[in-house]
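Below is one structure; the comments refer to it alone.
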Amino acid sequence: KLRSDDLKDCKVLNDTLIIKDNRKSNILLSKDGGIIWSKKYSNSFNYFGRKFVYSNDLSKILLFRAGQTLLSQNGGNSWSILVTVGGTYDGDITPSGKILYAINNGSNLTVEEVSTGGTRTVIKTFTEQNLTAYGLEMISDNVGYYFALDQTNNEVHAFKTTDGWNT
């Protein structure tokens with residue numbers, strides 16, 4: 001059991017599979033609808049978990065957190081650090097399993113594809129200035145939204161793609 005102030009994110013992945021993390025990014029998994037929980041990742045740092053995202057077939061599950069992103073490639077049974085530059089990124093996984101990050105890249109925002117080995121490839125750069133990446137959500141492999149905060153007036157900007165950020 002976790003105290004309520006420890007819970008950071010919880011996802012119901014299907015009828016029986018539930019995954020949750022706490023303020024230290026310790027990951028717990030239930031395969032019976034929440035009756036029995038087993039710890040699948042232990043973390044000694046205060047890298048609080050932020051959000052889980054996953055592919056349709058659950059072959060890729062990510063936990064975005066204050067430190068490096070965690071990756072599971074076996075339905076949440078084991079986890080490893082997805083080595084990229086820095087931490088506290090936001091992003092999503094398309095239904096087919098393409099990993100996308102929303103990144104502040106110098107004075108521009110970018111959408112970057114990340115391989116399971118950690119290699120990053122820029123697929124979209126936004127030239128609007130004074131924006132900070134806020135979130136990336138993909139509805140399908142092609143349709144998604146990138147949210148950014150304008151630092152000059154605190155307005156949220158939403159960018160939409162219908163072709164997987166190719167244009």
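The values are calculated or read from the model by the stated rules, or taken from the named source; none is laboratory data. Because the structure is predicted, anything quoted here is derived from the model rather than measured. A quick note on method: Cβ atoms are made from the backbone with ideal geometry, for glycine too, and the neighbour counts reach across all protein chains shown. For the accessible areas, the whole protein counts, side chains as well, though only heavy atoms, and no ligand, DNA or RNA atoms are used. Shrake-Rupley method; radii C 1.70, N 1.55, O 1.52, S 1.80 Å.
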query: In region 56-97, what residues are open to solvent by 40 Å² or more (accessible area, probe 1.4 Å) and among the acidic types (D, E)?
result: D57
Those strands (runs of 3 or more DSSP E) lying entirely in region 80-167 with at least 2 residues touching a His at 6+ places or on another chain (Cβ under 8 Å): 144-150
query: R120 versus (1) in contact with a Gly (Cβ under 9 Å, 6 or more places away or on another chain); (2) open to solvent by 40 Å² or more (accessible area, probe 1.4 Å); (3) of a type outside the set (A, V, I, L, M): which is the lone unmet condition?
result: (1)
query: Limited to region 125-167, what total is found for residues that are open to solvent by less than 50 Å² (accessible area, probe 1.4 Å) and under 20 Å from L62 (Cβ atoms)?
result: 11
message: Give me the residue from region 23-41 that is of a type in the set (D, E, K, R) and outside any loop (DSSP other than H, G, I, E, B) and, out of that set, least open to solvent (accessible area, probe 1.4 Å).
response: K40
query: Applying the selection to region 42-55, what residues are open to solvent by less than 30 Å² (accessible area, probe 1.4 Å) and more than 17 Å from L100 (Cα to Cα)?
result: N43, G49
task: Report whether or not G75 is at pLDDT 90 or above, closer than 19 Å to T161 by Cα and not hydrophobic (A, V, I, L, M, F, W, C).
output: no
Single condition F45 does not satisfy, out of (1) within 25 Å of G135 (Cα to Cα); (2) touching a strand residue (DSSP E or B) at 6+ places or on another chain (Cβ under 9 Å): (2)
query: Looking only at region 133-149, which residues are in contact (Cβ under 8 Å) with a residue 12 or more places away in the chain and out of contact with any strand residue (DSSP E or B) (no Cβ under 6 Å at 6 or more places or on another chain)?
result: S140, D141, N142, V143
